[in-house]
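Accompanying notes for the structure given below.
The values are calculated or read from the model by the stated rules, or taken from the named source; none is laboratory data. Keep in mind it's a predicted model, so treat the numbers as computed, not measured. Note: ideal-geometry Cβ built from the backbone for every residue, glycine included; neighbour counts use all protein chains shown.
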Amino acid sequence: MPLTANDPSRKSWLEVPQNSDFPIQNIPFGVFITKDDVVTIGTRIGNYAIDLGALQQLNYFEGIELTDDMFMQDTLNDFISDGKKTWRLVRNRIADIFDSNNPTLRDNAKHKEVVIFNLEDVEMQLPVLIGDYTDFYSSKEHATNVGKMFRDPENALLPNWLHIPVGYHGRSSTIVPSGIPVHRPNGQTLPPGETQPVFGPSKRVDFELEMGFITTDANIMGEPIPVGEAEEHIFGMVLFNDWSARDIQKWEYVPLGPFLAKNFASSMSPWIVTLDALEPFRTESPEQNPEPLDYLKQEGKHAFDIKLQVALQPEGGEENVISNSNFKYMYWSMAQQLAHHTVNGCRVNSGDLMGSGTISGPTPDSFGSMLELTWGGQNPIKLSDGTERKFINDGDTVIMRGYCQNNEVRIGFGEVSSKLLPPFTKK
Ligand code: CA
């Protein structure tokens with residue numbers, strides 16, 4: 001089925017600011033609450049939120065097989081479950097409805113009033129009910145940096161790393177949308193030079209620059225997803241800040257891996273950008289050497305050129321850009337991650353979230369965590385207000401942005417922004 005929604009020459013009758021992440025070629029999916037407290041599934045063009053539930057009630061999706069209340073739900077899980085054909089039909093139709101040459105909605109003031117909202121008048125929600133959340137560890141640069149710091153500089157990568165897309169099962173219960181503040185976690189740590197652990201607020205709260213992908217119900221229990229089919233089951237992507245407490249992590253992670261250092265919060269951008277919208281930005285993955293086992297072997301372009309940036313904003317201060325990276329640096333592709341995840345028959349459901357793992361580039365200014373940017377706190381970052389950071393302070397806001405751009409179109413993710421608060425206290 002053609003991807004007519006991606007036509008770069010198409011213009012919308014809705015105003016789209018220059019350099020917007022959300023031209024008519026994007027058409028992401030999200031969930032929002034209107035001023036009247038109505039929850040609905042929507043899309044975004046420019047700085048307008050579009051109520052797909054209202055569009056459906058007004059028959060704008062006529063001819064596409066959808067359940068009657070498909071878009072009047074508080075999650076995208078059912079829509080995602082309908083599969084790629086439906087996603088494409090709906091995206092193509094939305095592009096058509098908002099095309100500058102189509103007068104049907106453009107010239108219908110009554111309909112527009114119930115369909116189109118200013119972005120500032122809606123509140124974005126988590127777009128999916130995340131059943132399961134898996135976090136990978138697929139940036140070679142990141143794994144090497146962490147291995148050097150936490151283990152052995154000479155053998156930074158463990159022997160399995162170049163053969164397996166390493167990952168762990170996280171928790172979905174503390175994944176929040178952009179804008180929701182996060183508390184500094186308490187936990188157990190082993191202070192440097194001590195032999196007995198202590199309990200208290202983490203002193204090394206960090207962000208992890210990641211992207212996440214959302215799956216559809218891809219398989220039944222026992223059924224592996226072949227690597228060549230895996231992308232068919234990926235609905236789209238979000239920006240993802242996988243908050244981490246490095247001191248808790250260091251003490252707890254042996255032998256079973258991350259636990260409480262990671263599950264106190266993860267923040268995601270609210271608009272899911274479809275893999276279809278990202279199609280023009282496919283690029284080569286880094287060379288894989290040694291060659292992966294057969295079930296992970298891939299031909300063609302399966303990386304995506306997505307420019308990523310992290311900014312840190314102190315309370316009341318201005319933003320400081322502290323990292324510029326790119327999703328294309330990932331050693332293992334999303335398809336390889338999903339193929340590996342299911343090769344043992346593990347079931348993947350609609351709305352599951354897979355984190356990429358921290359995305360670090362080859363140069364120090366492209367590292368995706370404070371741990372790496374300050375090299376374990378040894379080289380603090382100077383901010384424009386004269387203060388320094390080894391890790392994240394209470395009151396700091398971490399903002400991640402990402403977009404793709406070619407000569408014709410810019411497709412972006414907006415941002416995931418969240419503030420670190422002091423440890424939780426019961427009021
Ligand atoms: Ca992570």
Given (1) of a type outside the set (A, V, I, L, M); (2) closer than 20 Å to T274 by Cα; (3) touching a Gly at 6+ places or on another chain (Cβ under 7 Å), S172 misses just (2)
Report, ordered by the first and then the second residue, all pairs with beta carbons closer than 8 Å, sequence separation of six or more or different chains, a first member in the stretch 186-215 that is without any contact (Cβ under 8 Å) to a residue 24 or more places away in the chain, and a second member that is in a loop (DSSP other than H, G, I, E, B).
-> Q196/L190; V198/L190; V198/P191
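For the stretch 254-265, give me each residue that is free of Cβ contacts under 8 Å to residues at least 12 places away in the same chain and either within 14 Å of the ligand (Cβ to nearest atom) or on the phi > 0 side of the Ramachandran plot (or both). Don't jump to the end; show me each part of the working.
Initially, the stretch 254-265 is screened for residues free of Cβ contacts under 8 Å to residues at least 12 places away in the same chain, giving 254-256, 259.
Hit for the stretch 254-265 is F259, nothing else.
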Looking only at the stretch 303-324, which residues are under 28 Å from G228 (Cα atoms) and crowded, with 20+ Cβ neighbours inside 10 Å?
-> A303, F304, I306, L308
Among T75, T67, T86, which is outside the structural domain of R410 (by TED's automatic domain parsing), free of Cβ contacts under 8 Å to residues at least 24 places away in the same chain, assigned to a loop (DSSP other than H, G, I, E, B) and among the β-branched types (V, I, T)?
-> T67
Per-region count, the stretch 364-392, residues crowded, with 16+ Cβ neighbours inside 10 Å and more than 27 Å from K140 (Cα to Cα) = 1
Kindly list, by first and then second residue, each pair from a residue in the stretch 372-388 that is without any contact (Cβ under 8 Å) to a residue 40 or more places away in the chain to a residue that is surrounded by 16 or more Cβ atoms within 10 Å (Cβ to Cβ) and part of a loop (DSSP other than H, G, I, E, B), limited to pairs with Cβ atoms under 6 Å and residues at least 6 apart or on different chains.
-> T374/K390; P380/T374; P380/K390
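Take the conditions of a type in the set (D, E, K, R) and under 24 Å from L353 (Cα atoms) and apply them to D135. Does it pass?
On the way: of a type in the set (D, E, K, R): yes; under 24 Å from L353 (Cα atoms): yes.
Answer is yes for this residue.
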Quick one: G414 ticks every box in (1) surrounded by 19 or more Cβ atoms within 10 Å (Cβ to Cβ); (2) on the phi > 0 side of the Ramachandran plot; (3) part of a loop (DSSP other than H, G, I, E, B) except a single one, so which number is it?
-> (3)
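Please determine, by comparing only the residues of the stretch 248-266 that are of a type in the set (G, A, S) and either surrounded by fewer than 19 Cβ atoms within 10 Å (Cβ to Cβ) or more than 16 Å from M354 (Cβ to Cβ) (or both), which one is modelled with the lowest pLDDT.
Step one: filter the stretch 248-266 for residues of a type in the set (G, A, S), giving 257, 261, 265-266.
The next check asks that each one be either surrounded by fewer than 19 Cβ atoms within 10 Å (Cβ to Cβ) or more than 16 Å from M354 (Cβ to Cβ) (or both); those that pass are 257, 261, 265.
On the way: G257: 90, A261: 98, A265: 98.
So, considering only residues that are of a type in the set (G, A, S) and either surrounded by fewer than 19 Cβ atoms within 10 Å (Cβ to Cβ) or more than 16 Å from M354 (Cβ to Cβ) (or both), the one modelled with the lowest pLDDT is G257.
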Count of residues meeting criterion [buried (at least 16 other Cβ atoms within 10 Å of the Cβ) and under 29 Å from the mean Cα position of the chain (by Cα)] in the stretch 97-118 = 6
By residue number, the members of the stretch 216-253 that are in a strand (DSSP E or B) and within 16 Å of the ligand (Cβ to nearest atom) are M237, V238, L239, F240, N241, S244, A245
Selection count, the stretch 89-123, where residues are in contact (Cβ under 8 Å) with a residue 40 or more places away in the chain and within 19 Å of M1 (Cα to Cα) | 7
Quick one: in the stretch 268-302, which of the residues that are among the aliphatic types (A, V, I, L, M) and over 29 Å from S418 (Cα atoms) is surrounded by the fewest Cβ atoms within 10 Å (Cβ to Cβ)?
-> L293
Have a look at S356, S350 and point out the one that is within 16 Å of the ligand (Cβ to nearest atom) and within 23 Å of the chain's Cα centre (by Cα).
-> S356
Looking at (1) closer than 27 Å to E232 by Cα; (2) out of contact with any strand residue (DSSP E or B) (no Cβ under 8 Å at 6 or more places or on another chain); (3) of a type in the set (V, I, T), which is the only condition I80 fails?
-> (2)
Residues located in the stretch 47-74, provided they are closer than 18 Å to W271 by Cα, small (G, A, S) and touching a helix residue (DSSP H, G or I) at 6+ places or on another chain (Cβ under 8 Å) | A49
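With the condition being assigned by TED's automatic domain parsing to the domain that holds Q57 and more than 16 Å from the ligand (Cβ to nearest atom), I'd like the strands (runs of 3 or more DSSP E) fully within the stretch 110-182 carrying at least 1 qualifying residues. Full working, then the answer.
Working: elements: 116-118, 133-136, 167-169, 175-177.
Once the strands (runs of 3 or more DSSP E) in the stretch 110-182 are filtered for at least 1 residues that are assigned by TED's automatic domain parsing to the domain that holds Q57 and more than 16 Å from the ligand (Cβ to nearest atom), what remains is 116-118.
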